[in-house]
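Shown next, in structure tokens, is the structure this report addresses.
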Ligand SMILES: NC(=O)c1ccc[n+]([C@@H]2O[C@H](COP(=O)([O-])OP(=O)(O)OC[C@H]3O[C@@H](n4cnc5c(N)ncnc54)[C@H](OP(=O)(O)O)[C@@H]3O)[C@@H](O)[C@H]2O)c1
């Protein structure tokens, strides 16, 4: 966590996928770090979005929520339009919304699942970044943090190949965006969580699998949402001013590169 709360004063942050999990923790952590306004996006869990808004406000920031299904092209378009009306000046963008959607083998894979995976995990990251970039370029400053995954490095678990490929795209986009935008005063980085003990793995993994991950993890535990939020705040802060285009691998030492 940065010690200088003033560095975020007057800033607006957008955190996608902040109705729960890493996004909710990041929204609250940014508010606690002094961000003036936090705009969150959610899809299917309005109660979670309300809870995040309440915590953001309790931390002293203004808070707004926008609903959007970023798994569809239309949803991405509607979201970027709504964003332009609600928060045209985003200073800090956390491209966090993402999901494995469903485990599926190659023979069972449908084109609809492919499209949803790529829309949600790749297309939305690119076009939401495009939507906020003009303001950042005009003011010659801005921060973008993307969410990759350990799956980008290891190809993902069973039935998660295209999710892994999508996250590899996110890591590559992070580098390319950083090269394009660093000369304009904008820093782009990513975090790559290993296994976070949250809703995501309640849906997509079993307790046995998670226990086996703990056994393979030198840190001796799974990650928390707050572990990820702390790293996101670091990448937004002046303390990481010379960090560009990096994907921070946050996996308790389970996978080292
Ligand atoms: N958990 C892990 O171990 C792990 C590991 C590596 C990478 N990640 C990545 O970290 C990011 C956050 O995941 P998490 O662990 O916090 O997962 P999570 O607890 O399941 O939360 C996912 C968030 O993304 C939103 N979302 C999901 N599908 C969406 C859609 N179609 N349109 C718009 N928003 C959608 C959800 O909104 P609603 O709930 O409102 O629908 C929710 O706010 C994701 O990009 C994920 O791929 C997670």
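For the reader, a short list of remarks on this structure follows.
- Computed on the Cα atoms alone, the convex hull of segment 162-247 gives a volume of 109 cubic angstrom per residue.
- For segment 150-167, backbone nitrogen atoms closer than 15 Å to the point 7 Å from residue 102 Cα along Cα-to-C-beta are found at 159-163.
- Computing FRET efficiency as 1/(1 + (r/R0)^6) for residue 109 and residue 224, where r is the C-beta to C-beta distance and R0 is 41 Å, gives about 0.80.
- Gyration tensor verdict on segment 216-257 (Cα atoms; rounded if a/c is under 1.5, prolate if a/b is larger than b/c, oblate otherwise): oblate
- Choice from 113, 70, 147 showing the highest fluctuation, given a GNM over the chain with Cα pairs closer than 10 Å: 113
- Fluctuation leader among 90, 209, 243 - the chain, Gaussian network, Cα springs under 10 angstrom: 209
- Estimated inter-spin distance, residue 81 and residue 154, nm [label 7 Å along Cα→Cβ]: 4.2
- For the chain, the fraction of C-alpha pairs more than 30 angstrom apart is 21%.
- Packing, taken as the mean count of other beta carbons within 10 Å per residue, orders the peptides 46-58, 75-87, 158-170 from highest to lowest as 158-170, 46-58, 75-87.
- On Cα atoms only, tilt of 73-86 relative to the major axis of the chain in degrees: 20
- Value in Å of the Kirkwood radius, where segment 55-124 supplies the Cα pairs that are averaged: 14.1
- Once both labels are positioned 7 Å from their Cα atoms along Cα-to-Cβ, the gap between residue 57 and residue 175 label points is 4.4 nm.
- Gaussian network model of the chain, springs between alpha carbon atoms under 10 Å - residue of 135, 89, 244 with greatest fluctuation: 135
Each reported figure results from applying straightforward, stated rules to the coordinates on display, with no laboratory input. Computed from a predicted model, the values in this text were never measured in an experiment. Here Cβ is always computed from backbone atoms with ideal geometry, including for glycine, and neighbour counts include all displayed protein chains.
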